[in-house]
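Presented below is the structure to which this report refers.
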Amino acid sequence: GNSVTQMEGPVTLSEEAFLTINCTYTATGYPSLFWYVQYPGEGLQLLLKATKADDKGSNKGFEATYRKETTSFHLEKGSVQVSDSAVYFCALRYKAAGNKLTFGGGTRVLVKP
Amino acid sequence: NAGVTQTPKFRILKIGQSMTLQCTQDMNHNYMYWYRQDPGMGLKLIYYSVGAGITDKGEVPNGYNVSRSTTEDFPLRLELAAPSQTSVYFCASSAPDETEAFFGQGTRLTVV
């Protein structure tokens with residue numbers, strides 16, 4: 001079945017550091033890929049998405065590129081802020097697999113001043 | 001635009017009690033989902049629905065029931081609460097294509 005694997009946290013960074021969170025997926029076809037963010041005490045919000053190979057999703061300084069050859073969708077940000085402290089979830093959705101949204105385990109990021 | 005609304009936000013239940021978590025959406029989405037998030041963990045799918053009258057089990061359905069009588073509402077029922085059901089519950093909805101899902105703010109449930 002479909003699955004998503006992302007690096008375990010917590011990831012602790014200093015402000016203005018570079019952030020990468022790795023995400024790889026297993027799917028029988030070509031799903032849509034998403035990054036969601038969960039700030040403390042809140043629900044999940046869509047951060048960015050990509051619907052086909054080589055698409056780049058971007059939002060709030062974050063970027064991720066859909067890499068079909070490596071089945072990856074790594075999240076990057078060039079200069080993090082304290083306000084980026086949150087839990088980040090990689091997810092996929094695939095119509096041929098019932099369109100269920102499948103999540104990775106989440107990566108907690110803590111940015112220190 | 002309300003989006004996905006969950007009630008209640010917090011609840012404490014005693015072992016063996018029952019309750020219904022309410023979820024409603026105003027986006028006319030066909031697909032609706034219930035997830036649970038245990039402390040420090042990812043999201044696990046409990047049940048989902050692809051339209052009114054149609055529901056199916058996810059990864060962790062035991063101890064829960066759902067119904068989908070309207071497009072807007074997707075309540076989750078706990079019949080005999082157990083401590084293992086202490087968690088944060090999220091409802092979500094989406095269109096039937098591969099677009100993103102929209103989440104409610106969550107219900108924090110503690111079973112004591």
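Any read-out appearing in this document is the output of simple, stated calculations on the displayed coordinates, not a laboratory observation. Please read all numbers here as calculations on a predicted model, not as lab measurements. Glycine gets a Cβ as well: all are built from the backbone with ideal geometry, and neighbour counts include every protein chain shown.
Relative intensity of region B:68-112 on a log10 scale, I(q)/I(0) at q = 0.28, 0.29, 0.32 Å⁻¹, equals -1.08, -1.11, -1.19, per a Debye sum over C-alpha point scatterers of equal strength in the absence of solvent.
When you filter the trypsin sites (Lys or Arg not before Pro) in region B:1-71 for DSSP loop state and at most 14 other Cβ atoms inside 10 Å of their Cβ, you are left with B:Lys9, B:Lys14.
Calculate the dipole size of the protein assembly as shown relative to its Cα centre from +1 charges on Lys and Arg beta carbons and -1 charges on Asp and Glu beta carbons; express the result in debye to the nearest 20.
On the way: 21 positive and 20 negative charges, 90 e Å.
Result for the protein assembly as shown is approximately 440 debye, rounded to the nearest 20.
The value obtained for region A:25-113, namely the Cα convex hull volume divided by the number of residues, is 95 Å³ per residue. About the centre of its Cα atoms, chain A shows a dipole size close to 420 debye [charges on the beta carbon of Lys, Arg (+1) and Asp, Glu (-1) only; nearest 20 debye]. Counting Cβ atoms of other protein chains within 10 Å of each Cβ in B:20-29 and taking the mean gives 0. The mean count of C-beta atoms from other chains within 10 Å of the C-beta of residues in B:42-52, rounded to a whole number, is 3.
Along the axis of the charge dipole computed for the protein assembly as shown (Cβ charges of +1 for Lys and Arg, -1 for Asp and Glu, origin at the Cα centre), the listed residues A:Gln81, B:Gly51, A:Trp35 are led at the positive end by B:Gly51. For the residues B:Thr55, B:Thr24, B:Thr99, a GNM of chain B with alpha-carbon springs under 10 Å puts the largest fluctuation on B:Thr99. Checking every one of the trypsin sites (Lys or Arg not before Pro) in region A:45-81 against DSSP loop status and a limit of 12 other Cβ atoms within 10 Å picks out A:Lys52, A:Lys60, A:Lys68.
Run the Debye formula on the Cα coordinates of chain B, all scatterers equal and no solvent, and tell me log10 I(q)/I(0) at q = 0.11, 0.20 1/Å. The computed values of log10 I(q)/I(0) come out as -0.31, -1.02.
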